[in-house]
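Below: the structure, in structure tokens.
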Amino acid sequence: MWSQGASGSGSLVLVAALFFALVLAPTLAIHVYTPREVHGTVGSQVTLACSFWSSEWISEDVSITWLFQPESGKDTISIFHFVKGQPYLNEVGAFKNRMEWVGDPHRKDGSIIIHNLDYTDNGTFTCDVKNPPDIGGKSSQVTLYVFEKVPIRYGVVLGAVIGGVLGLVILVVVIGYLIRYCWLRRQATLQRQLSAMEKGKLHRSAKDSSKRGRQPPVLYAMLDHSRSTKSASEKKSKGGLGESRKDKK
């Protein structure tokens, strides 16, 4: 009896585990994402972005709901609902004729746009998505801040970012210009050195050629002088022989 009871309880545990893995676990797989906060100015528009991820294929029963809690209130109201492939906008509340559906559930996008912002739009917006059997998970919240104009701190940050990007671009351009200038200057210096070397070679070759041109006349003069000296010595020797012969006679 005990063994049968133990085996029965084991079977129940196994069935419960399978039920949890196949039925309950997928319901916790959906995740919804929104930015933490967005900012806008009076009279402008702002996009409330909402994306989600589900372990299941996007079914025809997917639903998206947007809730709003005013900054000065505690009650939360429904301002938008998407179900059975159709968007339903709030036509009686403060957002009447000021909302636009721009999402696409098949792209896992549940975003909306609020037009003609006013101070009364300050508050927290909640995006909730259900994709049966993924009906669990947590919704996501985004806080909207509406200003008369962009706050200085945001303008300063934006200006600093833009200034930093422009400064970086200018720095890159200046560095590139300096590198090109140094390269061109080096090339010019090398060109001048090569030109000077070529001129030196030409000058030396000209000197060598002039020296070679002047050497033959000197050699010829030396040869002529030697010949004249030889002829003179021969004449003297002949003259001496003649006189000696006369003396003998």
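The values are calculated or read from the model by the stated rules, or taken from the named source; none is laboratory data. Everything quoted here is computed from the prediction, not taken from an experiment. Cβ: placed from backbone, ideal geometry, glycine included. Neighbour counts: every protein chain shown. All accessible areas refer to the heavy atoms of the entire protein, side chains included, with ligands and DNA or RNA removed. Shrake-Rupley method; radii C 1.70, N 1.55, O 1.52, S 1.80 Å.
Descriptive notes on the structure:
- When residues of the range 64-88 are limited to those that are within 17 Å of Asp118 (Cβ to Cβ) and touching a strand residue (DSSP E or B) at 6+ places or on another chain (Cβ under 7 Å), the one most open to solvent (accessible area, probe 1.4 Å): Glu71
- Here His31 clears all of (1) touching a Phe, Trp or Tyr at 6+ places or on another chain (Cβ under 7 Å); (2) open to solvent by 80 Å² or more (accessible area, probe 1.4 Å); (3) at pLDDT below 90 except the condition numbered (3).
- Restricting the first member to the range 138-163 and to residues that are among the polar types (S, T, N, Q), and the second to residues that are open to solvent by 70 Å² or more (accessible area, probe 1.4 Å) and modelled with pLDDT of 65 or more, the beta-carbon pairs closer than 8 Å and six or more apart or on different chains are Ser140/Tyr33; Thr143/Arg36; Thr143/Glu37.
- Exclusive hit being of a type in the set (Val, Ile, Thr) and either surrounded by fewer than 10 Cβ atoms within 10 Å (Cβ to Cβ) or touching an Asp or Glu at 6+ places or on another chain (Cβ under 9 Å) (or both), set Val129, Val173, Val165, Val92: Val92
- Scanning the range 41-63 for residues that are within 17 Å of Pro133 (Cβ to Cβ) and open to solvent by 70 Å² or more (accessible area, probe 1.4 Å) returns Trp53, Trp57, Glu60, Asp61.
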